[in-house]
1. Could you look through segment 153-184, keep only residues that are in contact (Cβ under 8 Å) with a residue 40 or more places away in the chain, within 16 Å of the ligand (Cβ to nearest atom) and among the hydrophobic types (A, V, I, L, M, F, W, C), and pick out the one that is farthest from I364 (Cα to Cα)?
2. Taking L380 as the residue in question, decide whether it is under 16 Å from R360 (Cα atoms), surrounded by 20 or more Cβ atoms within 10 Å (Cβ to Cβ) and at pLDDT 95 or above.
3. So the check is Cβ under 8 Å with 6+ separation or different chains; which pairs have a first residue in segment 1-13 that's in the same structural domain as V97 (by TED's automatic domain parsing) and assigned to a helix (DSSP H, G or I) and a second one that's among the polar types (S, T, N, Q) and surrounded by fewer than 24 Cβ atoms within 10 Å (Cβ to Cβ)?
4. Specify which of the listed residues (A11, A17, A40) is away from the ligand (no atom under 11 Å from the Cβ) and touching a helix residue (DSSP H, G or I) at 6+ places or on another chain (Cβ under 9 Å).
5. Being more than 9 Å from the ligand (Cβ to nearest atom), in contact (Cβ under 8 Å) with a residue 24 or more places away in the chain, polar (S, T, N, Q) and surrounded by fewer than 24 Cβ atoms within 10 Å (Cβ to Cβ) is true for just one of S22, S32. Which residue is that?
6. With the requirement that a residue be within 16 Å of the ligand (Cβ to nearest atom), on the phi < 0 side of the Ramachandran plot and surrounded by fewer than 20 Cβ atoms within 10 Å (Cβ to Cβ), what does segment 237-261 give you?
7. Could you tell me how many of the residues in segment 266-299 are within 25 Å of D330 (Cβ to Cβ), surrounded by fewer than 21 Cβ atoms within 10 Å (Cβ to Cβ) and at pLDDT 95 or above?
8. Looking for whichever is of a type in the set (D, E, K, R) and either within 12 Å of the ligand (Cβ to nearest atom) or within 14 Å of the chain's Cα centre (by Cα) (or both) here; the options are R326, R276. Which one fits?
Amino acid sequence: MKVLVVGGGAAGVAAAAAASASGADVTLLEGSDTPGPNRALFPCVLSGECPPERLRADASSLLRSGVELRFNERVQSVDPSSHVRTGSGRFDFDSLVIATGSRHLDVETKGTSKPGVFLLRSLDDYVALSRSMAGLSHVAVAGSVPLSLMVAQILSQGSKVRAFIGQSGLRRFSPGVRGAIARAAAANGVELLNADVGAVVGTDRVEAVVSSGRVYPCDGVVILPRGTPALPQTVCRTGNHGGLLVDRWMRTSSKNVFAAGDCAELRLGPASVPCRLYSSARVMGDVAGINAAGGAVQARLAGCLAMRLFGAEVCAAGIEAEEGARIGLDTVRVDSEVVDDLSGANPVYASVVYDRSTRRVHGIQVAGAGALSLSEYASLVVALGVSLEELAYHESPYLPGFNRDRCPIALTAGKALAQPEPRTLEAPSTHLRHG
Ligand SMILES: Cc1cc2nc3c(=O)[nH]c(=O)nc-3n(C[C@H](O)[C@H](O)[C@H](O)COP(=O)(O)OP(=O)(O)OC[C@H]3O[C@@H](n4cnc5c(N)ncnc54)[C@H](O)[C@@H]3O)c2cc1C
């Protein structure tokens with residue numbers, strides 16, 4: 001079985017390794033001259049936790065596993081029946097994994113060519129900002145969450161930061177989690193604004209940004225451009241967000257063609273959702289690689305986040321209620337505030353989103369002390385499609401001083417079962433995004 005993998009990022013490397021371990025004869029085509037860097041670690045370059053040279057993916061384990069690596073082979077078109085074409089020629093396959101990731105959209109904000117503006121697209125851009133940030137006193141950060149919050153948090157160590165997080169602001173989080181993040185940001189001196197930056201102004205360099213008709217003085221502007229799937233020319237079907245539509249087996253609409261990572265989009269009910277996360281890319285790549293080599297495994301995706309934002313622990317898996325309504329599910333959200341049983345303090349905010357008719361849990365979020373320890377649990381519940389009853393009535397660990405009898409997630413599921421029939425959420429007009 002000859003498996004061709006296109007793209008040498010997190011998803012492509014996982015797919016190539018998995019296909020090779022399954023006994024296939026694997027070739028990986030990467031458009032640049034090295035494997036893709038781990039982009040999830042870019043913020044660690046900014047914080048100084050990781051030297052830039054550590055970010056290059058190590059190709060040696062792939063070579064040891066017998067994968068043939070071909071660099072500077074950018075795939076231009078895919079004929080799903082047999083081959084792809086690059087600038088140098090044609091590569092045949094029995095099955096193909098497309099893992100070409102995402103690319104940045106153009107930034108349309110006026111004034112971004114001024115000195116003092118940092119557009120964060122590549123590793124070099126993060127390195128450039130890390131060298132300049134000590135000289136910045138007031139910084140405007142513009143981009144969607146959670147990345148804008150992660151960058152704002154790092155910059156707030158040495159500068160006064162305003163984060164322009166777009167019209168939808170923190171709406172990918174439930175109200176309790178949103179409140180916990182906003183309070184933690186404010187306690188660290190970071191102002192969060194639910195608005196976009198309209199223009200960057202200044203005579204010789206940045207002096208201010210303009211947003212919703214107001215002028216905010218600053219000497220540095222950091223812009224995180226939005227991403228969109230990067231696809232070669234192909235006839236495979238695409239989803240609502242422009243990615244290659246895949247099922248849980250990572251199969252596209254074309255026989256023997258699989259897709260994984262940021263370039264793919266998972267069919268969910270009548271719609272589809274992007275999963276632009278490192279964790280999703282890895283598991284999608286594993287599954288695509290195994291199935292391209294003749295296997296039949298399913299990916300259990302949860303789109304899970306686990307991070308410390310301005311000191312507040314946050315974990316989230318699956319979708320928020322509004323997003324569920326938008327993709328045609330009858331989703332309901334239940335929120336809880338749980339304080340520990342010894343001190344009566346240390347609130348933990350939890351929410352559970354479920355489908356009213358099937359009672360399947362589609363989303364879990366937790367913020368507060370101990371939330372990170374629940375991230376794997378939240379991910380598994382969503383990924384396996386556990387029901388509200390299963391979640392409420394399984395044995396949940398009791399940890400004196402952390403929860404009241406049961407984990408905040410199980411308590412919230414129990415609260416959902418105890419309350420009267422909740423109202424249906426209307427589909428929102430705004431558009432919530434993953435990644
Ligand atoms: C700044 C930043 C921070 C992030 N933080 C997190 C985080 O904390 N947690 C998390 O889970 N996720 C995070 N992510 C998301 C995560 O990094 C991505 O979801 C993941 O890297 C996607 O992997 P991928 O393999 O699909 O794509 P990529 O890593 O982009 O790899 C795609 C590869 O395909 C190659 N390629 C593209 N087109 C072609 C072509 N036509 N022919 C051949 N090769 C091609 C590219 O050169 C590239 O090497 C972050 C992303 C960014 C940008």
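The values are calculated or read from the model by the stated rules, or taken from the named source; none is laboratory data. What you see is a predicted model; the values in this text were computed from it and never measured. Note that each Cβ is placed from the backbone with ideal geometry, even for glycine, and that neighbours are counted across all protein chains shown.
1. Ranking the qualifying residues of segment 153-184, first place goes to L155.
2. Values: under 16 Å from R360 (Cα atoms): yes; surrounded by 20 or more Cβ atoms within 10 Å (Cβ to Cβ): no; at pLDDT 95 or above: yes.
No; evaluated as a whole, the condition is false for this residue.
3. The qualifying pairs are A10/N38.
4. Working: A11 fails: away from the ligand (no atom under 11 Å from the Cβ); A40 fails: away from the ligand (no atom under 11 Å from the Cβ).
Criteria check complete, one pass: A17.
5. Details: S32 fails: more than 9 Å from the ligand (Cβ to nearest atom).
Being more than 9 Å from the ligand (Cβ to nearest atom), in contact (Cβ under 8 Å) with a residue 24 or more places away in the chain, polar (S, T, N, Q) and surrounded by fewer than 24 Cβ atoms within 10 Å (Cβ to Cβ) holds for just one of S22, S32, which is S22.
6. Step one: filter segment 237-261 for residues within 16 Å of the ligand (Cβ to nearest atom), giving 238-239, 241-246, 250, 252, 257-261.
Now restrict to residues that are on the phi < 0 side of the Ramachandran plot: 238-239, 241, 243-246, 252, 257-260.
Of everything in segment 237-261, those that are within 16 Å of the ligand (Cβ to nearest atom), on the phi < 0 side of the Ramachandran plot and surrounded by fewer than 20 Cβ atoms within 10 Å (Cβ to Cβ) turn out to be T238, G239, H241, L245.
7. Residues flagged as within 25 Å of D330 (Cβ to Cβ), surrounded by fewer than 21 Cβ atoms within 10 Å (Cβ to Cβ) and at pLDDT 95 or above within segment 266-299 amount to 1.
8. Working: R326 fails: either within 12 Å of the ligand (Cβ to nearest atom) or within 14 Å of the chain's Cα centre (by Cα) (or both).
Just a single option satisfies the conditions, and that option is R276.
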